[in-house]
Amino acid sequence: MPGVTHRSFVSYIDRTREYYAAQGYEKPYVWARHTEAPFAPLAKPLAQSRVALITTASPWREGEPVDGVLRGGKRVWSGPTGAPPERLYTDDLAWDKEATHTRDVESFLPIRRLQEHVAQGRIGSVAPRFLGVPTDYSQRRTLEQDAPEILARCREDGVDVALLVPL
C-alpha cells in the first residue's frame, strides 16, 4: 500500500480478552502458561512410529448447528482414518473466514497425506482413528477432562506421535 511505512498487526491477546469479556465472563482471559512442556524426544524413528491426527473441528451432522450451537455440546470425539470425513463443522472456531474457507477438509485434517507418507516409508502407520478436541476457554476443563481423554485414546490406539492441527 502506498504511503505505509510500517506493518500493522492484530493483537491476538487483546482480541481474545475482548472476545472473552464479550461472552459475559467477569474475569479477564488469562493465557495458559506452562514452563515445563510435556514434550519428549521420539522413542523410535518416525518411519517406525504410529501417528495420530488431532483436530479442533467438530463432527458434521446434517441439520446442525441449531442456532449456532452443536447438539450435545462440545466434547472429545473420534472418527475412522480409513474413511476420512468429507465435511467437518468449523463455523464456531476463530479463523479468518474472509480470507479462506474450510471446505477442503484435507487442508486441516491431512489423513490422506499421512497415508501417502506411510506408503513412502516416512512414517510407520496412521492411527486407526483421528481425534477431535473442543476449543474451550476453560483451561481447567482442557487439563482435567479433554487432555486426559485424548491421551487415553492415543494410548488405546498405540500412538507414538500426535499431530495437532488446530483451526
Please determine, by comparing only the residues of the stretch 110-132 that are of a type in the set (G, A, S) and within 18 Å of the chain's Cα centre (by Cα), which one is surrounded by the fewest Cβ atoms within 10 Å (Cβ to Cβ). G132
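Take the residues in the stretch 9-64 that are closer than 30 Å to S125 by Cα and aromatic (F, W, Y); name whichever of them is farthest from the chain's Cα centre (by Cα). Write out each step before concluding.
Our first condition is that a residue be closer than 30 Å to S125 by Cα; within the stretch 9-64, this holds for 36-61.
The next check asks that each one be aromatic (F, W, Y); those that pass are 39, 60.
Working: F39: 17, W60: 15 Å.
Going through the qualifying residues, I end up with F39.
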Given the criterion aliphatic (A, V, I, L, M), in contact with a strand residue (DSSP E or B) (Cβ under 7 Å, 6 or more places away or on another chain) and outside any loop (DSSP other than H, G, I, E, B), identify the matching residue among A147, A152, A162. A162
So, of the residues in the stretch 95-109 that are touching a residue at least 12 places away in the same chain (Cβ under 8 Å) and surrounded by 12 or more Cβ atoms within 10 Å (Cβ to Cβ), which turns out to be nearest to Q23 (Cα to Cα)? W95
Which listed residue, of D104, D96, D136, D157, is modelled with pLDDT under 90 and touching a Lys or Arg at 6+ places or on another chain (Cβ under 8 Å): D136
Residue by residue through the stretch 111-127, note down the ones that are touching a residue at least 24 places away in the same chain (Cβ under 8 Å) and in contact with a strand residue (DSSP E or B) (Cβ under 7 Å, 6 or more places away or on another chain). I111, L114, Q115, I123, G124, S125, V126, A127
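The values are calculated or read from the model by the stated rules, or taken from the named source; none is laboratory data. Predicted, not measured: the structure shown is a model, and the values here were computed from it. Don't worry about glycine lacking a Cβ; one is built from the backbone with ideal geometry, like all the others, and counts go over all protein chains shown.
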